[in-house]
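Reading through the structure tokens given below for one structure.
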Amino acid sequence: MNIFVVLLILAGLIVGFIVIIEHVVRTAVDTSKMATDVKEIKRMLKSFKESQFEE
């Protein structure tokens, strides 16, 4: 019975740890994707201004 309780607690901790890691990774991916999107938007705006300037 005692071993079962210890295994249950251990499993709970492992699952919690995995969830936290997954959340951190997802947040990091979202942040880097957002940064890439911002760069892309700036580049598009720059090329749009240049095309306006040429006309």
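Points worth noting:
- Computed per residue of the chain from DSSP H runs no shorter than four, each worth -39500 (n - 2.57), the mean residue ellipticity at 222 nm is -36000 deg cm²/dmol.
- Fraction of the pair-distance distribution of the chain above 16 Å, Cα-Cα pairs, percent: 67
Read the figures in this text as sums done on the coordinates, not as results from a lab. Keep in mind that what you see is a predicted model, and the values were worked out from it rather than measured.
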